[in-house]
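Let me begin by presenting the structure, written as structure tokens, before commenting on it.
No lab work stands behind these numbers, since they all come straight from the coordinates. Remember, predicted model here, so these are calculated numbers, not experimental data. Here the Cβ positions follow ideal geometry from the backbone for every residue, glycine too, while neighbour counts run over all protein chains shown.
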Amino acid sequence: MKVLVVNAGSSSLKYQLLDTETELLLAKGICERIGETVGILDHKKYTHDGGEEKEERFKDEVEIPNHSVATRMVVDALTDPVKGVIKSMDEIEAVGHRVVHGGPYFFESTLVTPEVIDKLRLCVDFAPLHTIPHIMGIEGVTEVMPDKPQVLVFDTAFHTTIPEYASTYPLPHEIYEKYHIRRYGAHGTSHRFVSQIMIGLLGNKPDSKIITCHIGNGSSISAVRDGKCIDTSMGFTPLDGVEMGTRCGAIDPAIVPYIMEKENIPVSEIANFMNKKCGFLGVSGQYSDSRDIEEGIKRGDKRCLLAASILAYQVKKYIGSYTAAMNGVDAIVFTAGMGENNPELRERALRDMEYYGIELDLELNAKTWRQPNIVEISKPTSKVKVYVIPTNEELMIARDTEAIVSKL
């Protein structure tokens, strides 16, 4: 089945066309600056021969007034005689949408219906910057491809198996019931993808205990027992958990009103402060990208070293706490931008953890970056397996879409 995977933002529309039978990527791209005077369509097509993948790129400046036009441009690119990889839109059998937040309403991937869209609108309060664009993307696809079945795949769905004692904040119960405040988590599609692979690498052993570390500009860590998430570091919003590129992660709640009073920051701006001005950027004073942080460390920048050390220490603490929560750990997985491509982070986080039976192969770890393969970076003597597994959320979305649509 050829599935078009869509990730709609407020002024962008990312897409991939995948063949679920071969699980090969056929094309991908992004429509940027939707609604602005001049937009950009950045499209890539892929051909596969003997296991080798060849990429061709096409980039055009065009006017993209809305998401419906963006969707039409995507279809035109996919079917273009030169840029395209399919002969007509008829070859696209279904569309899968990445949706950030399912709120208390969606616990699994779901076929789009008018009733589902009405319920999705109730999730706007939980992630307004994401949910409104998601709906615009769905409506754009509906207008251009009205007969194609669409499926919503929620980042939060994988975390709905977290026990109540781990998902509930110690707030008055009437507040929870009124506003649905609980630990929702994020990056669930990524955590699900890599944990499924890791379970297979463990020989599908029963009661597997895996800690998945999705570390990028936004980061979250999950405890996965027997294929189900039992805890995750992000909470009611993606601001919770470990230090990130520009996000502070978990801090003493009393710090928030204290800073607001001292710096005269209004309520309307404090969320922006914690989401956009903290993390790596705040600690280093210059950089939000881990590559710049690592270069700063090489130059002897102490604040860059501090920023990197904070994250590594927090990852270490989560690994320790989740090992306790699961009464052991079989494997640790690193994925996403930093998890896959920052050997220094992995070494700092796993240093001095022999008590847990974690032994990192330093040489293999150091050369594992910018490559598409699954790599074990623990020593043969390590009781706990440590792997770098490249994530592929789009493939997970395509698989879910196929599974639902094939039953229609």
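Under 5 Å from the amide H of residue 386 lie the amide H atoms of 332, 377, 378, each residue being 5 or more positions distant or on a separate chain, with H modelled from the backbone and absent for Pro and chain starts. Summing Cβ point charges (Lys, Arg +1; Asp, Glu -1) relative to the Cα centre of the stretch 60-199 gives a dipole of roughly 500 debye.
Averaging 1/r over each pair of different alpha-carbon atoms in the stretch 2-154 and inverting the result gives 15.8 Å, the Kirkwood hydrodynamic radius.
What does the net charge come to around residue 55 if you take all other residues with beta carbon closer than 11 Å to its beta carbon, with K and R at +1 and D and E at -1? After counting each charged neighbour, the total is +2. Placing a label point 7 Å from the Cα of residue 60 along the Cα-to-Cβ direction, the residues of the stretch 2-36 whose backbone N falls under 15 Å of that point are 29-32. Pairs with C-alpha atoms separated by more than 24 Å, drawn from the list 209/383; 2/87; 14/209; 205/379; 45/87, are 14/209. Remark on residue 127: its backbone amide H falls under 5 Å from none of the residues 5 or more positions apart or on other chains, H modelled at 1.01 Å from N.
What ³J(HN,Hα) values, in whole Hz, does the Karplus curve 6.51 cos²θ - 1.76 cosθ + 1.60 give for the stretch 105-115 when θ = phi - 60°, with x put for Gly and Pro? Computed from phi, the couplings for the stretch 105-115 are 10, 10, 10, 7, 4, 9, 5, 6, 9, x, 5 Hz. Computed 3J(HN,Hα) for the stretch 49-61, one whole-Hz value per residue from the Karplus formula 6.51 cos²θ - 1.76 cosθ + 1.60 where θ = phi - 60°, is 9, x, x, 9, 9, 10, 10, 10, 10, 10, 10, 10, 8, glycine and proline marked x.
In a fully extended conformation the segment linking residue 181 and residue 226 would gain 13.5 nm over its present Cα-Cα distance, using 0.36 nm per residue. You can think of it this way: the chain between residue 254 and residue 53 has 67.1 nm of extra reach, that is 0.36 nm per residue less the Cα-Cα gap. Between residue 263 and residue 207, the distance separating the two model label sites (each 7 Å from Cα on the Cα→Cβ line) works out to 4.7 nm.
How far apart, in nm, are the 7 Å Cα→Cβ label points at residue 46 and residue 383? Once both label points are built, they end up 4.0 nm from each other.
Think of the chain as having a plus end and a minus end, set by charges on the Cβ of Lys, Arg, Asp and Glu; of 362, 184, 401, 362 sits farthest toward the positive end of this dipole.
The long axis of helix 302-326 is offset from the longest Cα principal axis of the chain by roughly 90 degrees.
Potential lengthening of the chain between residue 354 and residue 24 amounts to 114.9 nm, from the contour at 0.36 nm per residue minus the alpha-carbon distance.
Among the cysteines of the chain, those whose beta-carbon sits 4.7 Å or more from every other cysteine beta-carbon are 31, 123, 213, 229, 304. For the chain, the relative contact order is 13 percent, taking Cα pairs closer than 8 Å that sit 6 or more residues apart in sequence and dividing their mean separation by the residue count. Distance from the Cα centre of the stretch 23-52 to that of the stretch 317-363, in angstrom? After rounding, the separation between the Cα centres reads 34 Å. Amide H to amide H distances under 5 Å link residue 242 with 250, where only residues 5 or more positions off or on other chains count and H is placed in the peptide plane. What's log10 of I(q)/I(0) for the stretch 204-393 at q = 0.11, 0.16, 0.18, 0.19 Å⁻¹, Debye sum over Cα points only, no solvent? Values, matching the q order: -0.50, -1.01, -1.22, -1.32. Using a cut-off of 10 Å between beta-carbons, work out the net charge of the residues near residue 249 (Lys and Arg +1, Asp and Glu -1, residue 249 not included). Surrounding charge for residue 249 is -1. Pairs 298/367; 277/302; 54/407; 178/277: which are spaced more than 23 Å apart, C-alpha to C-alpha? Over 23 Å Cα-Cα: 54/407; 178/277. If R0 is 35 Å, the Cβ-Cβ spacing of residue 168 and residue 309 corresponds to a FRET efficiency of close to 0.65. One way to sum up the overall shape of the chain is the equivalent ellipsoid from its Cα gyration tensor, whose semi-axes run 34, 26, 23 Å, largest first. Comparing Cα centroids, the stretch 194-229 and the stretch 101-151 end up 27 angstrom apart. Based on DSSP H segments of at least four residues, each scored -39500 (n - 2.57), the chain has a per-residue ellipticity at 222 nm of -11000 deg cm²/dmol.
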